[in-house]
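This report refers to the structure that appears directly beneath it.
The values are calculated or read from the model by the stated rules, or taken from the named source; none is laboratory data. Bear in mind that the values here come from a model prediction, so they are computed numbers and not experimental data. Here the Cβ positions follow ideal geometry from the backbone for every residue, glycine too, while neighbour counts run over all protein chains shown.
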C-alpha cells in the first residue's frame, strides 16, 4: 500500500512539473536558486547546507542531513513585463503592451538519505528555469492583430531537472557527483504581415527534448564555523528540432538579400556554470557568499542570439533561535541580454532582429533581487520554510532600425514593420514555500 501511494505521489509530482505553466527566472533564464531556504538568503547555497534541497546548488552539501530528509514545496512567480514599440522616424510614438504571462507555479521535491557515516544519496525533481511572454491578446493602435508592433508574440521555454546525487564525506571534506536528466519544451509563435497585407501565423507548435549533464561539488568544513566550497555544472544540449528554424525563417528570408541571417539551428544549449562560496557561522548568526559564472556566450543558441556571460553575486544572512530562523539576502547579475550594435550596415539587419526577439520574446533583463525568508519548526521532525524574492523594475531600450520601413506606404512591401526601437520594462516578485520532514 505504501509503495503504491509513493508511486502515485511521484507520478503526480512529475506531471505537475512537466505541465506547469510558464515560469520566469532571474539570472538569465535560471532561477536564482531552488529551495525556500536558499531563496530566502539571496540564492546562497554553494557553501551553506540547506539539507535535501542542496542537490542543485551543491550536491556535496546533502551531507549536512542527520538521517533522512524530504522537502516538498514550490514557488509562485509573478512577473510583470511591458514592451513598448514605435517608429520615431515617422512620428509613431512607442505603444505599450503588457504580457499576460504574469503568474506561474513552480513545484519541487527533494529527498536525501544517509547511507553510512561516509556515504549519502538523494533524489529530486525541480522546475529550474524558463522564460517567455504572452502578447496573444494584445492589440495595436493604429494597427491591429499584431501586424506592426508586438506580432502577438507568444514564447514559452520550460525546463525541469531530475537528479540523483551521490556524496562522500570524511572528516570535514565532502565531495559529490550528481547525474542530471533535463526535460525541456519550447514554443514560439507569432503573426507576421505578408505581401498581400494580411497575416501569416508562424509557429511549429510545442517542441520537447531530454538532455543529460552532471553537477560536481565539493566543500570543506574547517570546524571553526568556516566552510568553503566549489561547484561545476555541465552544459546540457537540448534539441528542439525545427522550432527555432521556423521562427527565424521569415526574418532570414528578408535578411538574405543583405547576406545576413539570425540563428536557425536546432540546439538551445543550457550553459555550463562554475561557482565558489563560503559560509561562516558564529553562534546564532550565519553569513554566506556565493559567486558563479554562467557561460551564456559559449552555449549554442544563446551565444548566437548575443547573450552574454553573467557574473552572479549572492550574499545572505541567517539568524536562528530555538525552533525558528530568519533569513535575508541580495543577489545581483547583469542582464544576460545586451543590445547588439546596429550602426554597421553589414550586421544591422541581423542585430536588429536579435534585439527585437530578445526584448519581445525572451527579456532576460532582471538584475537585482532582494530576499527575505524564515523557518518555523513545529517539531524536531517537521518544519515550514518560506521565502519572498523581489526584483525591481529594469528598463532596456534597443534599436531596430532595419525594421523601420515606412508604415504609411501604400505598397505593403515598403512598409517594413514600422519599428525602429523597442523598450521593455521587467520586474518580478515570487513567494516560495516548503515543507520539510526529517526521520
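Going by the structure shown, is residue 261 assigned to a loop (DSSP other than H, G, I, E, B), touching a residue at least 12 places away in the same chain (Cβ under 8 Å) and over 18 Å from residue 355 (Cα atoms)? Can you show your working first?
Working: assigned to a loop (DSSP other than H, G, I, E, B): yes; touching a residue at least 12 places away in the same chain (Cβ under 8 Å): yes; over 18 Å from residue 355 (Cα atoms): no.
No; evaluated as a whole, the condition is false for this residue.
Look at the stretch 334-355 and say how many of its residues are more than 17 Å from residue 270 (Cα to Cα) and touching a strand residue (DSSP E or B) at 6+ places or on another chain (Cβ under 6 Å).
3
Got a sec? Which of 61, 48 is at pLDDT 90 or above, under 22 Å from residue 317 (Cβ atoms), in a loop (DSSP other than H, G, I, E, B) and in contact with a strand residue (DSSP E or B) (Cβ under 8 Å, 6 or more places away or on another chain)? Working first, answer last.
Working: 61 fails: in a loop (DSSP other than H, G, I, E, B).
Result: 48 is the single residue among 61, 48 that is at pLDDT 90 or above, under 22 Å from residue 317 (Cβ atoms), in a loop (DSSP other than H, G, I, E, B) and in contact with a strand residue (DSSP E or B) (Cβ under 8 Å, 6 or more places away or on another chain).
Do the conditions hold for residue 117, that is, is it at pLDDT 85 or above and either over 30 Å from residue 61 (Cβ atoms) or part of a strand (DSSP E or B) (or both)?
The answer is no for residue 117.
Condition check: surrounded by fewer than 22 Cβ atoms within 10 Å (Cβ to Cβ), modelled with pLDDT under 95, on the phi < 0 side of the Ramachandran plot and in contact with a strand residue (DSSP E or B) (Cβ under 8 Å, 6 or more places away or on another chain). Does residue 103 satisfy that?
Numbers: surrounded by fewer than 22 Cβ atoms within 10 Å (Cβ to Cβ): yes; modelled with pLDDT under 95: yes; on the phi < 0 side of the Ramachandran plot: yes; in contact with a strand residue (DSSP E or B) (Cβ under 8 Å, 6 or more places away or on another chain): yes.
It is true that residue 103 is surrounded by fewer than 22 Cβ atoms within 10 Å (Cβ to Cβ), modelled with pLDDT under 95, on the phi < 0 side of the Ramachandran plot and in contact with a strand residue (DSSP E or B) (Cβ under 8 Å, 6 or more places away or on another chain).
Say we look at the stretch 274-300 and pick out the residues that are within 15 Å of the chain's Cα centre (by Cα) and surrounded by fewer than 21 Cβ atoms within 10 Å (Cβ to Cβ); which of these is nearest to residue 358 (Cα to Cα)?
295
Kindly indicate whether residue 241 is at pLDDT 90 or above, in contact with a strand residue (DSSP E or B) (Cβ under 8 Å, 6 or more places away or on another chain) and at positive phi.
So residue 241 fits the description; yes.
May I ask you to say which residue of 77, 72, 162 is under 30 Å from residue 232 (Cα atoms) and modelled with pLDDT under 90?
On inspection, the qualifying residue turns out to be 77.
If residue 89 passes every condition in (1) at pLDDT below 90; (2) touching a strand residue (DSSP E or B) at 6+ places or on another chain (Cβ under 6 Å); (3) outside any loop (DSSP other than H, G, I, E, B); (4) more than 30 Å from residue 169 (Cβ to Cβ) but one, which one does it miss?
For residue 89, the exception is condition (2).
Looking at (1) closer than 30 Å to residue 166 by Cβ; (2) at pLDDT below 95, find the lone condition where residue 233 falls short.
Exception for residue 233: condition (2).
Give me the strands (runs of 3 or more DSSP E) completely within the stretch 179-241, filtered to those with at least 2 residues that are farther than 20 Å from residue 59 by Cβ, ordered by residue number.
199-203, 207-221
Could you tell me whether residue 143 is touching a helix residue (DSSP H, G or I) at 6+ places or on another chain (Cβ under 9 Å), within 30 Å of residue 99 (Cα to Cα) and either at pLDDT below 90 or surrounded by fewer than 22 Cβ atoms within 10 Å (Cβ to Cβ) (or both)?
Working: touching a helix residue (DSSP H, G or I) at 6+ places or on another chain (Cβ under 9 Å): no; within 30 Å of residue 99 (Cα to Cα): yes; either at pLDDT below 90 or surrounded by fewer than 22 Cβ atoms within 10 Å (Cβ to Cβ) (or both): yes.
So residue 143 does not fit the description; no.
Just checking, does the stretch 11-24 include any residue being at pLDDT 85 or above, outside any loop (DSSP other than H, G, I, E, B), touching a strand residue (DSSP E or B) at 6+ places or on another chain (Cβ under 6 Å) and surrounded by fewer than 23 Cβ atoms within 10 Å (Cβ to Cβ)?
Within the stretch 11-24, not a single residue is at pLDDT 85 or above, outside any loop (DSSP other than H, G, I, E, B), touching a strand residue (DSSP E or B) at 6+ places or on another chain (Cβ under 6 Å) and surrounded by fewer than 23 Cβ atoms within 10 Å (Cβ to Cβ).
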